[in-house]
Every structure is written in structure tokens, then in C-alpha cells.
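Undergrad: Quick one: the structure is below, and I'll ask about it shortly.
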Amino acid sequence: MSFPISVIVPLQTKRRPFFERFCLPTIEINSPQEIIIIDEEGSAPSKRNKGAKLAKCPFLFFCDDDVCLGKDCLEKFHTAIKETSYGFTYSDFLWIDLVNNNSLHHIAKPFSKRDLLEKNYISTMSLLKTECFCGFRELPKYQDWDLWLTISSKFSGYYIPEILYISYIIDSGITKSFLPDEELKKQIRQRHFQFLG
């Protein structure tokens, strides 16, 4: 059985060996109808947006190239919202930092637009209905937070209090910003405050 989900992966060339050996098999075993790997130059937001334009399924799952899914991750996500008015669903997950040799259990929380405006607790690795997707903005960071806030002006999210995947830190990453974190957060909050009622 396959699920009507397009999995979109913005691949970084240097991570290809890790992705192909460890991550891709976990995506395949989840049986999505479509796997779209964007392996080209460009930012993660632009790669995700390009993948979304190519997608043909009614559900989207943006998966980083250093993430391994649990064997029933997509099934649980899909079951949670397939016949509901929810726009997306999200879960807890486990961080494993291979650079600094430590780990962290990320615990999200039940959906609240007000709480989301204060702090992002929803990962990029969440399932959303294609009709709800509005595109990632080209921000230096916090693109996922900005996306969920935008979608939340019209749709609610559904929280699954389980660890459904593992996100590995295998290098120092490429996210860079010339603005301090607090200034970026302030700008995002100001943009979305008027829409959250």
C-alpha cells in the first residue's frame, strides 16, 4: 500500500552518501507515491518550492537530507488528517548530533496559534495538505516557522505526541544570517501578528 504523499528532499551534494545510505531507504519503506529529490544549486527554500511545483499528490512532506523516518511515520501522519479539516500534522522527534555526540528529544505541543507566534515548535518534517501550501519565503533562517504561521492564518494543525523520525546533525550546516536571531524573530512576529486574531 502506498500513500498519496509527495516527499520532497532538498539535497546538499556533500550529504549525498549519508542520504542515500541511511535516509532514502527509510523514506522508501514508508511507501509514498512520489519522492522528489532536488539536487541542484540553490537555497533550501527554493529547492522545496521547486519540488512542490513538481508534486502531484494531495499531501506534501518536506524531508531534510539528514532525516530518517520511522517505519510508519507517513502512515501515522496521513491517518491523522486525511479526512479532517486540519491543514497539517506534526510530531515529536529526536535530534542526534553526530558532530558534538549528544542528543535531544524535541517535544512539541498541541496546536495553538498564539503559542506558535511566540516560538516555533513545529518542524519542517510535518505533513501538510498540498492545497494549504503557500511556499517557503527566502529567509536566512526560520523559514519553517514563517510557513506554519502563514498557513495557521487559515488552517489548524494536529499534534501527534510521538517520536516519528530522527533528525541527524552530521555537519555544521549552511544556515547563515547577518541579522541577530532576536531581530529575525521580531520581524517574523510583526509580519504575522495581525493575521492570528
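Rule-based calculations on the coordinates, nothing more; no lab input. Bear in mind that the values here come from a model prediction, so they are computed numbers and not experimental data. Glycine also receives a Cβ, built like all others from the backbone with ideal geometry; neighbour counts cover every protein chain displayed.
Undergrad: Out of the GluC sites (Glu not before Pro) in the range 53-147, which ones are loop residues according to DSSP with at most 13 other C-beta atoms within 10 Å? It would help to have the intermediate numbers written out before the result.
TA: Working: sites: GLU75, GLU83, GLU118, GLU131, GLU138; in loops: GLU83, GLU138.
Answer by residue number: GLU83, GLU138.
Undergrad: Read through the labelled values (i) 15.9, 46; (ii) 16.7, 64; (iii) 20.2, 78 and report the label of the one computed as Rg and Dmax of the Cα atoms in Å from the structure.
TA: It is the one labelled (i).
Undergrad: Percent antiparallel among DSSP beta bridges with both residues in the range 1-97, to the nearest 5?
TA: Working: 0 of 10 bridges.
So the antiparallel bridges in the range 1-97 amount to around 0 percent.
Undergrad: Moving on to the next point. Separation between the GLU182 and LYS109 pseudo-spin-labels, each 7 Å from Cα along Cα→Cβ, expressed in nm?
TA: Reported label-point gap for GLU182 and LYS109 is 2.1 nm.
Undergrad: Counting other Cβ atoms within 10 Å, keep those with at most 10, restrict to DSSP loop, and tell me which trypsin sites (Lys or Arg not before Pro) in the range 16-65 are left. Mind dumping the intermediate values first?
TA: On the way: sites: ARG21, LYS47, ARG48, LYS50, LYS53, LYS56; in loops: LYS56.
Answer in residue order: LYS56.
Undergrad: Okay, next question. Please report the antiparallel percentage of the DSSP beta bridges confined to the chain, to the nearest 5. Walk me through the numbers before you get to the answer.
TA: Values: 13 of 32 bridges.
DSSP beta bridges in the chain are roughly 40 percent antiparallel.
Undergrad: Additional query: For the range 1-73 and the range 82-113, what is the centre-to-centre distance using only Cα atoms, to the nearest Å?
TA: Between the Cα centre of the range 1-73 and that of the range 82-113, the gap is 17 Å.
Undergrad: Dipole size in debye (nearest 20) for the range 3-193 around its Cα centre, Lys and Arg Cβ +1, Asp and Glu Cβ -1?
TA: Values: 25 positive and 25 negative charges, 114 e Å.
Here the range 3-193 has a charge dipole of around 540 debye.
Undergrad: Within the range 22-53, which residues have the backbone N less than 11 Å from the label spot 7 Å out from GLU75 along Cα→beta-carbon, could you tell me?
TA: Under cut-off, by backbone N: 30-31.
Undergrad: Enumerate the residues in the range 138-162 having an amide nitrogen under 18 Å from the point lying 7 Å beyond the Cα of ARG191 toward its Cβ.
TA: 138-155
Undergrad: Tell me what the chain gives for mean residue ellipticity at 222 nm when only DSSP H runs of n ≥ 4 count, each as -39,500 (n - 2.57), the sum divided by the residue total, rounded to 500 deg cm²/dmol. Don't skip to the answer; put the middle values down first.
TA: On the way: 6 runs with 54 residues, N = 197.
Rounded to the nearest 500, the figure is -7500 deg cm²/dmol.
Undergrad: Follow-up question, since we're still on this one. So for each of 6-16, 98-108 I average, over its residues, the number of other beta carbons within 10 Å; can you give me the resulting order with the highest mean first? Spell out each step's value before the answer.
TA: On the way: 6-16: 18.8, 98-108: 11.3.
So the peptides 6-16, 98-108, ranked by packing, come out 6-16, 98-108.
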